[in-house]
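Beneath this line is the structure, given in structure tokens, with notes to follow.
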Amino acid sequence: MSAEAPPVEELASRPPVRGSLPRRLAGRPELGAVVGAVAVFVFFSVVADAFLQWSSFSTVLYASSTIGIMAVPVALLMIGGEFDLSTGVLVTSSALISSMFSYQMTANVWVGAGVSLLATLAIGFFNGYLLVRTNLPSFIITLGTFLILQGCNLGFTKLISDTVSTKSIADMEGFPSAHKVFASHLTIGDVEVQITVLWWFALIALATWILLRTRAGNWIFAVGGAKEAARAVGVPVERTKIGLYLGVALAAWISGQHLLFNYDVVQSGEGVGNELLYIIAAVIGGCLLTGGYGSAVGAAVGAFIFGMTNKGIVYAQWGADWFKFFLGAMLLLATLLNWWVRKRAEESK
């Protein structure tokens, strides 16, 4: 008599929800990030008086959002058991395509943005499709995409613009409205909040809803925690993984359009190394490198830690070299705390 396969809900490594409030809090993947965020906030509040000003908080939120917009979908991808090392240069590619198409075709900048969206989604689809068709490690596939995009960004920009940066499109049709959508700011009281913060919050809400309230969320946890077992109970593993890469590509397009419409021009060498920041934010937020565990909120808190550390060092008037030290220390501490939380959660089941 054959054993019956477990339902997909049992394969999904969701944070435990039963038991007392302390136990439930201890089982949350973002616990380590929240503790770290409080510690970083208190630390810079003590060593930098300017850190507590409302204008400083606005700057911290903006710095956090530029990383957080990408960290949230990267976290979902990591929960699904995969990586994407091309995200940093993909953001730049999205901006370059939008800018150069609009300038060379003398088209409305929204046309360039639309072409950029299609191209960026195609790259995300390529990563996901190649992954599910070959079963090669996502590290290798996206490393190859990273190198291809890095070369294309530099090569095509020099070929078309004869420099390493694009031409300004600030005077082109559609720019004011596109700037309003992707690079404007809102004034709340005496504080200016960049529009990227709203994009960031919207992505957090959407990703959290998908993970915790939809069947697709079950699938994401399942394919990251036990891919073959998930396939055995009917989870569309290939479709789920391709969808996750498309989500990363969509966020890269949003970030790329902000990059373009905030500065008018794009440097073709930008973005290299940012993929590690997105992964670090997700790991600090509780995502396991082995997949099947994590949260969008945790990745957002990880990005917030990045923003506080990045700007806190400036307000404390320290050398910028200390930023990498603090980021590395937070990564190790958060990883150890997440490991401990995960171990305690498993022991309490």
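Numbers at a glance
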quantity	calculated
Sequence-separation-based contact order of region 139-248, relative, with Cα cut under 8 Å and 6+ spacing, percent	10 percent
Contact order normalised by residue count of region 232-349, Cα under 8 Å, 6+ apart, percent	18 percent
Candidate lysines - alpha carbon under 16 Å from residue 311, same-chain residues fewer than 8 apart omitted	324
Solvent-accessible area per residue, Å², over region 192-289 with all protein chains present [probe radius 1.4 Å]	39 Å²
Karplus (6.51, -1.76, 1.60) ³J(HN,Hα), θ = phi - 60°, over region 91-99, in Hz, Gly and Pro reported as x	4, 5, 4, 4, 5, 5, 4, 4, 5
Average Cα contact separation per residue, region 32-340, under 8 Å, 6 or more apart, as relative contact order %	37 percent
Selection from 89, 46, 29, by position along the positive dipole direction of the chain (Cβ)	29
Nearest-20 debye value, the chain charge dipole, Cβ charges on Lys, Arg, Asp, Glu	980 debye
Dimensions in Å of region 75-147 - Rg and Dmax from alpha carbons	14.1, 42
Rounded FRET efficiency, nearest 0.05, which uses the C-beta distance separating residue 213 from residue 148 and R0 of 41 Å	0.65
Longest to shortest principal axis, alpha-carbon extents of region 32-340, angstrom	53, 53, 33
Accessible area (Å², 1.4 Å probe, nearest 10) - residue 181	60 Å²
Extension gain (nm, one decimal) between residue 265 and residue 57, 0.36 nm per residue minus Cα-Cα	72.2 nm
Residue 324 accessible area, assembled protein chains, probe 1.4 Å, Å²	140 Å²
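The values are calculated or read from the model by the stated rules, or taken from the named source; none is laboratory data. These figures come from a predicted structure and were not determined experimentally. Glycine gets a Cβ as well: all are built from the backbone with ideal geometry, and neighbour counts include every protein chain shown. Keep in mind that these areas ignore ligands, DNA and RNA; they rest on the heavy atoms of the full protein, side chains included. Shrake-Rupley method; radii C 1.70, N 1.55, O 1.52, S 1.80 Å.
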